[in-house]
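The values are calculated or read from the model by the stated rules, or taken from the named source; none is laboratory data. Only a predicted model underlies this, so the values are computations on that prediction, with no experimental measurement involved. Every residue, glycine as well, gets a Cβ built from its backbone with ideal geometry; the counts of neighbours run over all protein chains shown. Side chains are part of the model used for accessible areas, which takes the heavy atoms of the whole protein and leaves out ligands, DNA and RNA. Shrake-Rupley method; radii C 1.70, N 1.55, O 1.52, S 1.80 Å.
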Amino acid sequence: MMTSRLPIVKPSIDIMTSLRKHVYVAYTGGTIGMNRTRGGYCPESGYLQRQMAQMPELEHRSMPSYTVHEYAPLLDSSNMTPAEWVKIAHDIARVYDHYDGFVVLHGTDTMAYTTSALPFLLRGLRKAVIVTGSQIPLCEVRNDARENLITSLLIAANHDVPEVCLYFGGKLLRGCRATKVSADGFAAFDSPNVPPLGTVGVDIEINRELVRRPPRRSQLRVDEPKRAPVVSALRLFPGISPELVRNVLRPPLQGLVLETYGVGNGPDQDTAFIAALAEAAARGVVIVDCTQCLEGTVDLTEYAAGSALARAGVISGADMTAEAALTKLYYLFSRGYGAERVKREMQRDLRGEMTQRAKPVARQPSR
């Protein structure tokens, strides 16, 4: 007895294409899309898109489809300002419902600042936002741009990482934990106080235990700055002039990231230096202590040199990077918060930017 068999129908190219994830690529500038000119590498409108169109890997069925939105003007990241952070956040929010994930192409010099700022601006994020770039442009035969771009597209499309992340050189880092550690190496970024959210080798491996989960039923919104705050950063060095510190702390400054020694120490025997800090703190300037060390956390209770800063009104930045502390100060003051609320929020983990609350400073015994 013969049995009829239904013919095997292979999905058409159109159907296969429709099943592919769709990623939005925000191209802000940076080395990755630059062209070689007589004057050196330079951004050129449309050049990145032409390079990507010549990459057969991007047409493979395992890859997501993508849409590139080129910013005008294209910027070397050294020219990035907080206005660009807000612009990127609004760009993602504008198309958020129409894409499965997002890739931001960005220059490396200030990439860690942008990846630190975006988590604060994008409230309720439930999709992956992967920021990447390269040390060598895509147009060169030997480059790191190709792998960074391909892997970022795959992570944005296929992996449930609802955070702003930085992908570079085989590591997926939490954006607000990342810092640039090499000016010319392909492994240019690291997150010294937190393991990578993912590592890339033969497979893309995501550390699920470290990935933050979004609030339930959250909707994406941009925490629009209500005002342009004035914040700054100052790195201590031996022999720093108290007058220099006082000048930096003058109005209209609202917040300062003070990059100190070791676990948060400063020259406590320099009474003029301590007085400059105390005067500014009394006026409402929020001074956040972050260590100059690549690894470790601030503890203002361990040494007298740290306790003196705390008594002057300086607060601990715990294990935040200087980039995260600065962008967090910008975000909080831009919301219109007063100094006391900013102090409280700076010592509380909001987006995974810090591991712990700052330790309270022990009271000095009465005499």
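Exceedance of the 25 Å cut-off in Cα-Cα distance is limited, within the set Lys180/Lys226; Lys87/Lys180; Lys87/Lys343; Lys127/Lys171; Lys87/Lys328, to Lys180/Lys226; Lys87/Lys343.
Taking the 1.4 Å solvent-accessible surface of region 179-278 as the whole, the part contributed by carbon and sulfur is 51%.
Shown for region 29-99: the carbon plus sulfur share of the solvent-accessible area, taken with all protein chains present and a 1.4 angstrom probe, equals 51%.
Judged by the mean number of other Cβ atoms found within 10 Å, the most tightly packed of the peptides 90-97, 250-257 leads the ranking 250-257, 90-97.
Extension gain, Arg61 to Val248: 0.36 nm times the residue separation minus the Cα-Cα distance gives 61.8 nm.
With a 10 Å radius around each residue's Cβ, average the other Cβ atoms per peptide and rank 337-349, 320-332, highest first. Write out the running numbers ahead of the final one.
Numbers: 337-349: 16.2, 320-332: 26.2.
Ranked from most to least packed, the peptides come out as 320-332, 337-349.
Remark: spin-label model distance Arg344-Leu19 equals 5.2 nm, labels positioned 7 Å along the Cα→Cβ axis.
Each label was represented as a point 7 Å from its Cα along the Cα-to-Cβ direction; for Ser218 and Gln49 these points are 3.3 nm apart.
Taking only the C-alpha atoms of region 157-254, Rg followed by Dmax gives 19.1, 55 Å.
In terms of packing, defined here as the mean over residues of other Cβ atoms within 10 angstrom, the peptides 190-203, 124-137 line up highest first as 124-137, 190-203. Counting only protein heavy atoms and a 1.4 Å probe, the chain has 49 square angstrom of accessible area per residue. When you restrict to C-alpha pairs under 8 Å that are six or more residues apart and normalise by the size of the chain, the relative contact order lands at 13 percent.
Taking the Cα centroid of region 182-243 and of region 308-324, what is the distance between the two, rounded to the nearest whole Å? Measuring centre to centre over Cα atoms gives 17 Å.
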